[in-house]
Amino acid sequence: MFPPCSLALEPALRNQAQYVRSHDAWMLNTFVLTIEQFDTAKQFLSEFDPSHPLRVAALGPKTANAEPFLDAVEDADAAIRWLSSNVDLVAISHLEMFLPHDVDSALLQEAKSIIGNLPVFWEAPPERAEQTIALLAEHNSDSDSATFGYKLRTGGVTADAFPTSAQIADAFVTPATHQLPIKFTAGLHHPIRQFRDEVKTKMHGFLNVLGAAVLAAEHQWDAHQAAIMLEDENSDSFSFTDDFLAWREWKIDVERLRYRRKFVTSFGSCSFDEPREDLRALNLL
């Protein structure tokens, strides 16, 4: 439902109902749904069944600063509780919300007391990545369960929405990142970095981003090395076997990859078709 696709809710949910029953459902995560659309979504749930429920990533309201922040968190929590208790065939995986620049550790603790143990991915722009990651990691270290993660926006529908490879790389090599769940959103429709005329710039590839995130943590890369992988436009640099993922001479075996995936969790895309079509065209799927 997000740009550039911008589908209405009904066809988007119908697509999701087909995807969860498809051969490729193993790679499909949650359906991102704003809390304002929870009530409307109820009328389309007949598309799902107990074996194929609608798994939702709840998208909370965006606030510009700390003053209305807790009210927005309370609104999100109330909507999630309502949907969870009144609607069958829906499971809420986590909450995603924008984190205003002036929210501090004390406000985060208050937000935690409202939300409880539901995981939350807090979004902050790339230029605040290191600061935000440190803040969230500090919160997690003081909690019984690490429920806070970081959401990094990696693109959009215009060239200026795409962070540089250096900005993304800086987030990857922040030590706290390696024990903090991170997800990515926007601009990752294609596996390998490439110029796209529709946005008049180079779009980051999801294999570049996910691969650099796990390899940077595994091999203690610096930002320069991570940026080199992020900017690689050659699909032959990537290889996959039953035992490992490799980029050029750098490898991570499946067991270690499985461990790293606890922290490098997912990427959001407005299309489930484009990523798969591209992977098949590259003979990677």
Unit Cα scatterers, Debye sum, the stretch 181-281: log10 I(q)/I(0) for q = 0.10, 0.15 Å⁻¹: -0.26, -0.60
How are the alpha carbon pair distances in the stretch 96-216 distributed across 10 Å bins from zero to the largest one, expressed in percent? 13, 44, 29, 12, 1
Could you tell me which of the pairs Lys112/Lys202; Lys112/Lys262; Lys42/Lys262; Lys151/Lys200 are separated by over 27 angstrom between their Cα atoms in the structure shown? Lys112/Lys202; Lys42/Lys262
With a 10 Å radius around each residue's Cβ, average the other Cβ atoms per peptide and rank 155-162, 116-123, highest first. 116-123, 155-162
Assuming 0.36 nm per residue, please report the length gained on full extension of the stretch Lys62 to Asp49 beyond their Cα-Cα distance. 1.5 nm
Which three lengths, in whole Å and largest first, does the chain cover when its Cα atoms are put on their principal axes? 51, 42, 39
Residues whose modelled amide H sits under 5 Å from the amide H of His52, counting only those 5 or more places away in sequence or on another chain, are none
Whole-percent pair-distance distribution, where bins are 5 Å wide, for the alpha carbons of the stretch 231-285: 4, 15, 19, 25, 28, 9, 0
Long-range HN-HN contacts of Phe98 with modeled amide H, under 5 Å: Thr63, Glu123
Spread of Cα-to-Cα distances over 10 Å intervals beginning at zero, given as percent, for the stretch 6-150: 11, 39, 31, 18, 2
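Each value in this text was obtained by applying a stated rule to the coordinates, not by laboratory testing. Just so we're clear, the structure is a prediction, and the values are computed from it rather than from any experiment. Please note: Cβ atoms are built from the backbone with ideal geometry, for glycine as well, and neighbour counts cover all protein chains shown.
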